[in-house]
Amino acid sequence: MEGFALVPILLFSVIVHEMAHGYMALKLGDPTAKDLGRLTFNPLPHIDPIGSILVPLLSYLAAGTVFIAWAKPVPINPANFQNLRRDDILVSVVGPFSNLLVALLCTMGYVLISQFIPTEGADVSGVEQITFFLSDMMLMGITLNIYLAVFNMMPVPPLDGSHVVASLLPPALGEQYRRIGFFGILLILVLMRVDAVREAMASVVYLLLIPYQTIIQYFGG
């Protein structure tokens, strides 16, 4: 049941992440994502066979949880930005921020489910199962989205954090940093197998979880 509950919230989360990039770019003068039909909740234009399906599946089967996942990056044309450094940073950080917002929505959803959907006396094969499914999905969505936010802010190309670092570096050095490209993906896969890196990520995730857990404890009873 948990595996089935993970799929919809994972797809929704990575889609929101990419749409956030596209909407911010649009607000800053770049309509590329909109013109190519990427500002949509339809999962088909966003699904990356490796990042949206294979990597999360292998991660879940190997460790019982999803550490990393991504959708197809929305196309961005920085030439449309008025202030390249500032706007690139804003477009980059809005993705992880959107995941923190989805985590908050999941928290509110869990509180509402726990408060307003009755389980006592409900048919175990019907209402109660749906309730448990939804509550599991909301709980997993909280931790999953915080992990996605922390992971994407790692300063390794092509993750969002690398765009922030590249924009803060001198232009020539920043451009070279962006070109790490494919080797950055290999580096990410290696880093995710290093216990110290995973422990550091887990520590950050734990700290970010505290306010969400506080909301659940206070309002969810």
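Could you tell me the largest-minus-smallest coordinate of the C-alpha atoms of the chain on each of the three principal axes, in descending order and whole angstroms?
Result, largest extent first: 66, 39, 33 Å.
If the elastic network links every pair of Cα atoms under 10 Å, which of LEU173, LEU134, LEU101 fluctuates the most in the Gaussian network model of the chain?
Most flexible of the set in this elastic network: LEU173.
Could you tell me how many degrees, from 0 to 90 and to the nearest 10, lie between the Cα long axis of helix 127-152 and the main elongation axis, the longest principal axis, of the Cα atoms of the chain?
Compared with the principal axis, the helix lies near 20 degrees.
Using 7 Å Cα-to-Cβ label points, what is the LEU169/VAL194 separation (nm, one decimal)?
Modelled inter-label distance: 1.7 nm.
Using a 7 Å offset from the Cα along the Cα-to-Cβ direction at both ASP48 and LEU187, what is the distance between the two label points in nm, to one decimal?
1.6 nm
Most fluctuating residue of ALA172, ALA103, ALA33 in a GNM of the chain with Cα springs under 10 Å: which is it?
Highest fluctuation of the listed residues: ALA172.
The numbers here are math on the coordinates, done by the rules we state, and not lab data. On a predicted model such as this, the values are computed, not experimentally measured, just so you know. Ideal geometry is used to build each Cβ from the backbone, glycine not excepted, and the neighbour counts take in all protein chains shown.
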